[in-house]
Every structure is written in C-alpha cells, then in structure tokens.
Amino acid sequence: MHEKNNLYYSNSVNIAMQLFDLRLQFTTQSPENIADNIVDIYMSPQHAKVFSQLLNEHIIKYEEAFGPIPNLPNEESLLKLQEKGVIQVDERAYNK
C-alpha cells in the first residue's frame, strides 16, 4: 500500500554543508520577508553532486521544450522596484 506523498512549494532554499552531508532547507518566503520552514533535506556530498547533475539535465530538457528560463533581473533594477514599494528584495539572493 502506498502512502500519499506530501506536496510542498518553495520559493527559497538555503544550503548548509558539513564534512559528511549537505542540508537543503526549503522555505516559502512571504512578501513581508517571513520564511516558513517547509522541509529540510540532508544528503551526502556524493548524492548532492549527482542530484545537481540530474537537475541540470532536466532544466536543459525544460528549456528545449518551453524556451529559455529568464535570468533574474539585475540588482539595480530590483532595488529600484523596492524603493517604489513594489517588491521586497532579499539581499541574500545576490550575496553569493
């Protein structure tokens, strides 16, 4: 008997690493800059590397089927929208 899978939506992910594992913390970031923790996923560095390769392969297939995924607007454009009160910018997106 199969259990029902839980479905989650995330618009933000934080990644932390240690010697033997990586943690992907998926959250939903609200316009008020409040993050609701959805799920933490731990995996070995080897699994994370294979996962990243598979994810990249699927992104390539997605773009072949539906067209290019646009890049994020530049930081200056986002900050102008923030000054107008249109959006809130999470600076962590640009502090890599």
Kindly establish whether Glu64 is loosely packed, with under 10 Cβ neighbours inside 10 Å, over 17 Å from the mean Cα position of the chain (by Cα), among the acidic types (Asp, Glu) and assigned to a helix (DSSP H, G or I). yes
Look at Glu57 and say whether it is within 20 Å of the chain's Cα centre (by Cα) and among the charged types (D, E, K, R). yes
Give the residue that is modelled with the highest pLDDT, with candidates limited to residues of segment 1-51 that are more than 24 Å from Gln82 (Cα to Cα), among the charged types (D, E, K, R) and assigned to a strand (DSSP E or B). Arg23
Can you pull out every residue in segment 52-78 that is acidic (Asp, Glu) and either at pLDDT below 95 or under 29 Å from Asp21 (Cβ atoms) (or both)? Glu57, Glu75, Glu76
How about segment 1-28: which of its residues are loosely packed, with under 10 Cβ neighbours inside 10 Å and polar (S, T, N, Q)? Asn5, Asn6, Gln18
Before we move on, is His58 part of a helix (DSSP H, G or I) and surrounded by 11 or more Cβ atoms within 10 Å (Cβ to Cβ)? no
Every residue in segment 61-76 that is more than 20 Å from Asn11 (Cα to Cα) and not aromatic (Phe, Trp, Tyr), please. Lys61, Glu64, Ala65, Gly67, Glu76
Are there any pairs, at least 6 apart or on different chains, whose C-beta atoms fall under 6 Å, with the first in segment 57-68 and on the phi > 0 side of the Ramachandran plot and the second assigned to a helix (DSSP H, G or I) and among the basic types (Lys, Arg), and if so, which? none
Does Lys84 satisfy the criteria of being surrounded by 12 or more Cβ atoms within 10 Å (Cβ to Cβ), of a type in the set (D, E, K, R) and modelled with pLDDT of 80 or more? no
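The values are calculated or read from the model by the stated rules, or taken from the named source; none is laboratory data. Predicted, not measured: the structure shown is a model, and the values here were computed from it. Positions of Cβ are backbone-derived with ideal geometry, glycine not excepted, and every protein chain shown enters the neighbour counts.
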